[in-house]
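Report on one structure; see the data block that follows.
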Amino acid sequence: MRVATYCRISDDREGKALGVQRQREDCEWLVQSRGWTLAARYVDNDLSAYSGKVRPGYSQLLDAVRGGLIDGIVAWHPDRLHRSPRELEDFLTVVEQHGVAVETVRAGKWDLSTPSGRMTARILGSVARGESEHKSDRVRRALEQRASMGASHGRVAYGWTRSVLPDGTKVETVNEPQAALVRDLAQRIVRGESLRGIVTDLNAGGIPSPTGKEWGKTMLRHLVTRERNVALRVHRGEVVGPGEWPPILERGLWEQVRAVLTDPTRKTSTSSAAVHLLSGLARCGVCGGTMRASLNRTVPSYRCADKSCVSRNRRDVDEFVTGVVLARLARADVAGLLAPVDDGTRRAAAEVAELRSRLDNAADDYADGTVDREQFHRISERLRPRLEAAQARARVVDSRPLLAEFIGAEDARKVWEALPLSRQRGVVDLLVSIRVLRAAPGARVFDPATVEVTWKRST
Ligand SMILES: [Zn+2]
């Protein structure tokens with residue numbers, strides 16, 4: 001399929017065409033990932049949406065459609081294509097006459113061959129006229145653009161100070177006391193101190209943290225493992241080149257810290273299950289230990305893996321918890337649970353869920369003796385770096401992209417059933433915590449009151 005990309009930005013104050021470049025990268029990524037042929041690029045930059053001025057790029061695009069030169073159009077968002085309902089109607093006519101496919105990075109496929117597709121386009125069009133809602137998106141994209149060009153933005157990172165040179169250029173220099181602390185922390189971790197122990201020390205000593213809040217393990221881990229420490233620039237979770245700031249850790253020390261903190265034998269809070277919905281996610285209501293899949297005589301169950309305090313029929317618990325979660329996801333306001341997400345983040349979140357599931361699968365296999373310790377460690381060692389990389393990418397927003405499919409879904413259960421188990425587990429883990437309480441002695445029938453489901457966040 002021959003497609004053309006179309007990019008336009010109406011508010012590119014810096015006049016550097018960054019906005020368009022960004023849109024173009026995304027559009028071309030879409031073209032590539034679909035396996036289409038990029039036949040042409042059309043660009044209109046820095047033109048006001050309502051000025052009524054002729055857009056040369058847009059006119060050329062429509063000419064290409066009329067001339068049968070392209071079979072598809074890829075834009076970043078529908079609001080890049082049309083500036084008014086009038087333009088949209090013209091566009092719809094041309095597209096329909098020539099049977100051209102339209103897809104956008106932000107709003108997906110646009111099926112304009114059906115009345116309902118055209119209606120959606122009209123609704124989107126009128127929404128787009130209130131442009132402002134997309135402004136924040138564009139600001140964010142502009143910031144990302146700067147990140148990929150090596151500039152730092154926002155608050156200066158812990159370990160550095162920002163100074164302004166006489167010519168107005170901003171430079172980052174090392175904040176020696178902060179940098180010394182980061183180095184000290186890295187060395188302590190390499191020497192084998194636990195994150196928990198160090199965090200306790202820091203808080204007890206009243207050492208101010210990077211955020212001003214109490215020190216925590218996640219904060220500490222992030223602080224010492226940041227690529228920034230060795231002056232590597234990261235964009236969307238991937239190293240893209242050297243940064244413009246001085247390093248505060250030696251590369252060797254930094255590599256060691258990362259090796260220690262990704263050691264598969266080191267206990268982390270990334271725990272849990274596998275081929276079963278709640279294995280590793282549900283906790284024992286008596287001792288707080290992890291519930292794992294097991295057989296109670298011949299009945300598939302979840303059992304407290306540490307002390308066998310409680311055991312419960314697996315199917316009953318799965319059914320009950322699924323019901324609770326789906327009842328929440330079926331509510332019309334499910335979109336309120338979601339932060340804006342892009343495809344990259346959504347893919348990363350899915351990958352995190354998948355990798356966690358595989359790790360947990362291995363843990364289950366190890367627990368029931370299907371794999372031995374060595375095999376288990378080999379598996380963990382292979383998966384953990386990938387998990388951490390995916391987590392870093394998913395962290396850009398948070399794990400809420402896991403819920404994306406549920407927005408506007410008519411039948412939440414149907415969406416649920418179509419999800420791979422790893423995603424289902426991700427959704428459960430995102431929304432609720434589960435404790436399995438002791439059942440009444442001799443109870444034969446499953447009592448939902450013995451499974452405590454607690455909502456996380458403001459769900
Ligand atoms: Zn227990």
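Every read-out reported here was derived from the displayed coordinates using simple, explicitly stated rules and does not represent laboratory data. Please read these numbers as outputs of a predicted model, since none were measured by experiment. All Cβ positions, glycine included, derive from the backbone under ideal geometry; neighbour counts span all protein chains shown.
Results, tabulated for the structure shown:
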item	result
Per-residue ³J(HN,Hα) for the range 32-42, Karplus 6.51 cos²θ - 1.76 cosθ + 1.60, θ = phi - 60°, Hz, x for Gly and Pro	4, 5, 8, x, 8, 9, 7, 8, 6, 10, 10
Among the listed pairs Lys217/Lys414; Lys307/Lys414; Lys170/Lys217; Lys414/Lys456, those beyond 28 Å (Cα-Cα)	Lys217/Lys414; Lys307/Lys414; Lys170/Lys217
Contour excess over end-to-end distance, with Cα ends at Arg315 and Glu250 and 0.36 nm allotted per residue	18.2 nm
Estimated vicinal HN-Hα couplings, Hz - the range 200-215 in sequence order (Karplus 6.51, -1.76, 1.60; Gly, Pro = x)	4, 4, 4, 5, 5, x, x, 6, x, 8, x, 9, x, 7, 4, 5
Separation in nanometres of the label points that stand 7 Å from Cα toward Cβ, at Ser433 and Gln187	3.7
Amide H partners (placed H, <5 Å) of Thr104, local residues excluded	Ala75, Lys109, Trp110
FRET efficiency for Met1 and Arg444, using Cβ-Cβ distance with R0 set to 51 Å, rounded to 0.05	0.25
Label-to-label distance, nm, for residues given as Glu381 and Asp306 (7 Å Cα→Cβ offset)	2.9
Extension gain (nm, one decimal) between Arg162 and Asp372, 0.36 nm per residue minus Cα-Cα	70.4 nm
For peptides 425-435, 295-305, 191-201, sequence by mean Cβ density within 10 Å, most packed first	425-435, 295-305, 191-201
